[in-house]
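Presented below is the structure to which this report refers.
The values are calculated or read from the model by the stated rules, or taken from the named source; none is laboratory data. As the structure is a computational prediction, the values presented were derived from the model and not from experiment. Neighbour counts run over all protein chains shown; Cβ positions are idealised from the backbone, glycine included. In case anyone asks, the SASA skips ligands and DNA or RNA and just uses the protein heavy atoms, side chains included. Shrake-Rupley method; radii C 1.70, N 1.55, O 1.52, S 1.80 Å.
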Amino acid sequence: MDAESLLLSLELASGSGQGLSPDRRASLLTSLMLVKRDYRYDRVLFWGRILGLVADYYIAQGLSEDQLAPRKTLYSLNCTEWSLLPPATEEMVGQTSVVKGRFMGDPSHEYEHTELQKVNDGEKSFEEEVVVQIKEETRLVSIIDQIDKAVAIIPRGALFKTPFGPIHVNRTFEGLSLSESKKLSSYFHFREATELKNKTLLEKADLDPSLDFMDSLEHDIPKGSWSIQMERGNALVVLRSLLWPGLTFFHAPRTRNYGYIYVGTGEKNLDLPFML
């Protein structure tokens, strides 16, 4: 959700029980404006909160003028002081995939994982148990990246692609119609397209290259991983992810108000295919 319309966005997303105390809201409003100024971002999004056992991580993301350029991620424990996180790598994701359970809420906390490594001693080779230390900050980077790629979403038409390549915010976007807002095909993944290149020329014929340049939610696997509901007498559409419980997207049809927020433990629902 955009930091500039934070209070309204939190109000629209509150139907899922994801709220903040008045002092936290006041701190965020001020500190996110300072983050935007100091880091010279085009836009700042309040991404959400990852719940820890000792403390919670408040997450924000900075966007450049090109909206699909790699986003800079920051975290805070008190909504006032923000620290920049390093970009996620495949090595980080693979390394932290062995860590299970809740976050502690301490970035310097280290998880211990025992793995078998092959050791060569002359002609003989044998397996040896090695204890690997994984920092919680590394796990935080990995989980945010996975959630972004899987469930960060945006309504169709909110961004447009210029003929020269960069993607900008569509200033003429006036919201989806009521009928369109009830369809999963009206929402896109907020990242570079990965499935679009697999479509046939016949499927691409009906697409508008300036608007349909991201992957639609209707083909997400497993099918049924999104819950879509109308609230407040059809004045608000809410999408909730069943794959990453805690992710809520909201959009008020025929208005520019939309956004998503994640408030959860940072744990993926691996049992979802057996629950559908």
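Points worth noting:
- Mean-position separation - Cα centroids, segment 147-188 and segment 89-124, in angstrom: 38
- Projected-area mean, segment 132-201, by convex hull of Cα positions, square nanometres: 8.1
- Between helix 22-39 and the chain: long-axis angle, C-alpha atoms, 0 to 90°, nearest 10: 80
- Normalised size of segment 228-276, defined as Cα radius of gyration per 2.2 N^0.38 Å with N residues, equals 1.32.
- Heavy-atom accessible area per residue - segment 35-135, 1.4 Å, Å²: 61
- Each helix, a run of at least 4 DSSP H residues, gives -39500 (n - 2.57); summed and divided by the residues of the chain, these come to -6000 deg cm²/dmol at 222 nm.
- Applying the Kirkwood pairwise sum to the alpha-carbon positions of segment 2-110 produces a hydrodynamic radius of 15.1 angstrom.
- Rolling a 1.4 Å probe over the protein chains gives S108 an accessible area of about 80 Å².
- For the peptides 139-152, 234-247, residues were scored by their other Cβ atoms within 10 Å and the scores averaged per peptide; the highest-first order is 139-152, 234-247.
- Greater than 30 Å apart at Cα, pairs in K72/K100; K135/K223; K36/K100; K100/K199; K72/K161; K197/K268: K135/K223; K36/K100; K100/K199
- One quarter of the surface of the convex hull around the alpha-carbon atoms of segment 3-274 equals 18.8 nm², the direction-averaged projected area.
- Per residue convex hull volume, Cα atoms of segment 97-228, in Å³: 241
- Using alpha-carbon coordinates, inclination of helix 136-151 to the longest axis of the chain, degrees: 40
- Applied to segment 40-46, the Karplus parametrisation 6.51 cos²θ - 1.76 cosθ + 1.60 on θ = phi - 60° returns per-residue 3J(HN,Hα) values of 6, 8, 6, 9, 10, 10, 7 Hz, with x for Gly and Pro.
- Loop-located trypsin sites (Lys or Arg not before Pro) in segment 66-123 (DSSP state not H, G, I, E or B) with no more than 11 neighbouring Cβ atoms inside 10 Å: K100.
- With all protein chains in place and a 1.4 Å probe, the accessible surface of the chain carries 52 percent carbon and sulfur.
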